[in-house]
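I'd like to ask some things about the structure below.
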């Protein structure tokens, strides 16, 4: 008996009928990925310009990472941290040396890593800085996106993120992004500040790049006030912005660094928090952990994923391709009625569209882009993020630019 092959329509209906409606997905059903390309269930080819929100920096189905996954999965996948395993120590040494830190605490998802960093910061504040118990405050920025846990949405300003999910976790102070003076003011005026959590570039806000010098100024202010500078590089890290870390543009070495997404090349959930020994040593056995955190499969995959970034010079390619992309988008914006301006760094970019007189314009543009063979996703109502895998070639990029030009022109 032949198995009935389900269509894209059938599969979307299954998700809609049996799954929670917590995502508004572009209506394509993907089945296969190869490099910068993905294919739907009917075999149509698309350029992937989202990269699973920058998790697939190394490209879909990267041969080296996939082979590592297969080889390790055949030997050992999970032990929990109740025992040592043969891969975790190698991973710890490799990643700390790769990014220049003393210690690492591996987790699984980006949100878990952010939660870990918050706990680490608070514990350091009580045990090393000497703040009174349960008094520590952490400064965050408006329009941030650090995840979806209850604590993290407690300092979101997006009603879609926090609406009807309270009561919320206290201990956070929200200040404007891209405003170092606001940070200095709150550190001077408010006692019991433990840390400052910031995205070097705000991804969910639409690749919002702060002014040059912002990160360095904030870092210096934190140092002056004995406050930990915590960088969430879950999306901006691992070469996405044209350097290994977005903080590298201003030679800032965060006190606590949060990584995820492309740490595994999108093959397996891996995240991590890195810091100095004096900070990380506040964690003692039994005080924080994860059954899957640091599992041998994750450790082996992450080493391969980082080796690909290094060996294939993906940061340099992202820097060069990003400059080409933004230059071409600026040309489009000069004459377009709907494409207003472009911003970003490396291959984390956003096109801001003029949606006056149009309803859901960014969404409609993304639907047309998909029809023309390129997948992107809007954020908010008038911003389209463009973030292809970092392995993209100039020839492929130019083909994608033509698709974007054609699509924008069809709305003029």
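Every number in this text was worked out from the coordinates using simple rules, so none of it is lab data. Note that the structure is a prediction, hence the values are computed from the model and not measured. Methodologically, a virtual Cβ is constructed for each residue, glycine included, from the backbone with ideal geometry; neighbour enumeration extends over all protein chains shown.
Take the alpha carbon gyration tensor of segment 171-303, find the square roots of its eigenvalues, order them as a ≥ b ≥ c, and report rounded if a/c is under 1.5; if not, report prolate when a/b exceeds b/c, else oblate.
The shape class here is oblate.
Normalising by the residue count of segment 228-386, find the relative contact order in percent from Cα pairs under 8 Å and 6+ residues apart.
Values: 244 pairs, mean separation 29.5, N = 159.
Across segment 228-386, relative contact order equals 19 percent.
OK, next. To the nearest 10 degrees, how steep is helix 394-409 against the longest Cα principal axis of the chain, on a 0 to 90 scale?
70 degrees
In addition: Using Cα atoms only, what is the angle between the long axis of helix 314-335 and the major principal axis of the chain, expressed in degrees (0 to 90) to the nearest 10?
On a 0 to 90 degree scale, this one is about 60.
I would also like to ask the following. To the nearest 0.05, how large is the calculated FRET efficiency for residue 335 and residue 364 if R₀ is 25 Å and r is the Cβ-Cβ distance?
Numbers: r = 20 Å, r/R0 = 0.80.
After rounding to 0.05, the efficiency reads 0.80.
Ordered by packing density, taken as the mean number of other Cβ atoms within 10 Å over each peptide's residues, highest first, how do 82-88, 120-126 rank?
Put in order of decreasing packing, that is 120-126, 82-88.
Calculate for the chain the 222 nm mean residue ellipticity that helices alone would give, adding -39,500 (n - 2.57) per DSSP H run of length 4 or more and normalising by residue count, nearest 500 deg cm²/dmol.
Per the formula, -11000 deg cm²/dmol.
When the chain is modelled as a GNM with alpha-carbon springs shorter than 10 Å, which of 105, 257, 347 fluctuates the most?
Evaluated over the chain, the most mobile residue of the options is 105.
What shape does segment 292-358 take by its C-alpha gyration tensor, where a ≥ b ≥ c are the square roots of the eigenvalues and a/c under 1.5 counts as rounded, a/b above b/c as prolate, and the rest as oblate?
Oblate shape, in that a/c is at least 1.5 and b/c is the bigger or equal ratio.
Then there is this: What is the chain's relative contact order, in percent, from Cα pairs under 8 angstrom and six or more apart in sequence?
23 percent
Given axes a ≥ b ≥ c from the Cα gyration tensor, I'd like to know whether segment 19-150 is rounded (a/c under 1.5), prolate (a/b larger than b/c) or oblate.
Verdict is oblate for segment 19-150.
Mind pulling the angle between the C-alpha long axis of helix 8-18 and the longest principal axis of the chain? Nearest 10 degrees, somewhere in 0 to 90.
Compared with the principal axis, the helix lies near 40 degrees.
Where both partners of a DSSP beta bridge lie in the chain, what percent of those bridges are antiparallel, to the nearest 5?
65 percent
At 0.36 nm per residue, and after removing the present C-alpha to C-alpha distance, how many nm does the segment from residue 16 to residue 165 gain when stretched out fully?
Difference between extended and current length: 51.4 nm.
Calculate the length of the line joining the C-alpha centroid of segment 172-201 to that of segment 5-59, in whole Å.
39 Å
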